[in-house]
Amino acid sequence: MTKTSTCIYHFLVLNWYIFLNYYIPQHGTDHERSQLFQGGVQSKYLTLLNLFVFLAFWSLFFYDRNLIYPKALDNIFPVWLNHAMHTCILPFSLVEVILRPHHYPTKSTGLILLAAGVFSYITRVIWLHFQTGTWVYPLFATLSPLGIAAFFSLSYILSASIYLLGEKLNYWKWGGMMQPWMKKK
């Protein structure tokens, strides 16, 4: 794809993301919004911090939706908005792999940076629990501290697997393409 097409695509996806960040807090009654977004506004949800949540969200949703997205939320958020937050990331991510090559750091550096991001999010989730007394996701209320630690560990393993898959897909699509500044002299 041309550079112009890629820029247009990124512009459209960015605007979709901006729209969601604006639209979501406007939806529902004042009481519903105050309950849903207490102690951290919408930034407490992984969906709005990192849109790549398709696999984790839908796996939990189909297992027991009350663990991740209780039915009461259907009265606040229309179905299209749920899909906008939790489904659209899959095609967006796949198109991104097709549009242009990505230049990954070494595996160890990439996985360390991913671990830092996951650790930051886990810290935020735990901090919000201590601040509000409620968990961001109902699933955590059903788990023991050991279960929560296991869940977060498995989440990192899933994230790392997805990261490595993205790296592999990028390599399959683009081969060893590298920018001139990345090549050894």
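The values are calculated or read from the model by the stated rules, or taken from the named source; none is laboratory data. None of the values given here were measured: they were computed from a predicted structure. Cβ sites come from the backbone with ideal geometry, for glycine too, and all protein chains shown count toward neighbours. Just the protein is used for accessible areas: all its heavy atoms, side chains included, with ligands, DNA and RNA removed. Shrake-Rupley method; radii C 1.70, N 1.55, O 1.52, S 1.80 Å.
What's the total number of residues in the stretch 70-98 that are more than 24 Å from ASN170 (Cα to Cα), aliphatic (A, V, I, L, M) and open to solvent by 30 Å² or more (accessible area, probe 1.4 Å)?
2
Only one of these is at pLDDT below 90 and either farther than 25 Å from PHE61 by Cβ or of a type in the set (A, V, I, L, M) (or both): LYS185, LYS168, LYS107. Name it.
From the options LYS185, LYS168, LYS107, the qualifying one is LYS185.
For SER108, only one of the following conditions fails: (1) without any contact (Cβ under 8 Å) to a residue 24 or more places away in the chain; (2) open to solvent by less than 70 Å² (accessible area, probe 1.4 Å); (3) over 14 Å from the mean Cα position of the chain (by Cα). What is its number?
So SER108 meets the others, but not (2).
Does at least one position in the stretch 125-138 carry a residue that is more than 19 Å from ASN21 (Cα to Cα), in contact with a Leu (Cβ under 8 Å, 6 or more places away or on another chain) and either aliphatic (A, V, I, L, M) or open to solvent by 70 Å² or more (accessible area, probe 1.4 Å) (or both)?
No.
Tally up the residues in the stretch 113-142 that are in contact with a Phe, Trp or Tyr (Cβ under 6 Å, 6 or more places away or on another chain) and under 22 Å from PHE61 (Cα atoms), please.
Residues meeting the conditions: 4.
In this structure, does ALA56 turn out to be among the small types (Gly, Ala, Ser), out of contact with any Cys (no Cβ under 7 Å at 6 or more places or on another chain), open to solvent by 30 Å² or more (accessible area, probe 1.4 Å) and modelled with pLDDT of 80 or more?
In short, yes.
Quick one: which residue in SER34, SER43 is of a type in the set (Gly, Ala, Ser), open to solvent by 60 Å² or more (accessible area, probe 1.4 Å) and either within 21 Å of ARG124 (Cα to Cα) or modelled with pLDDT of 80 or more (or both)?
SER34
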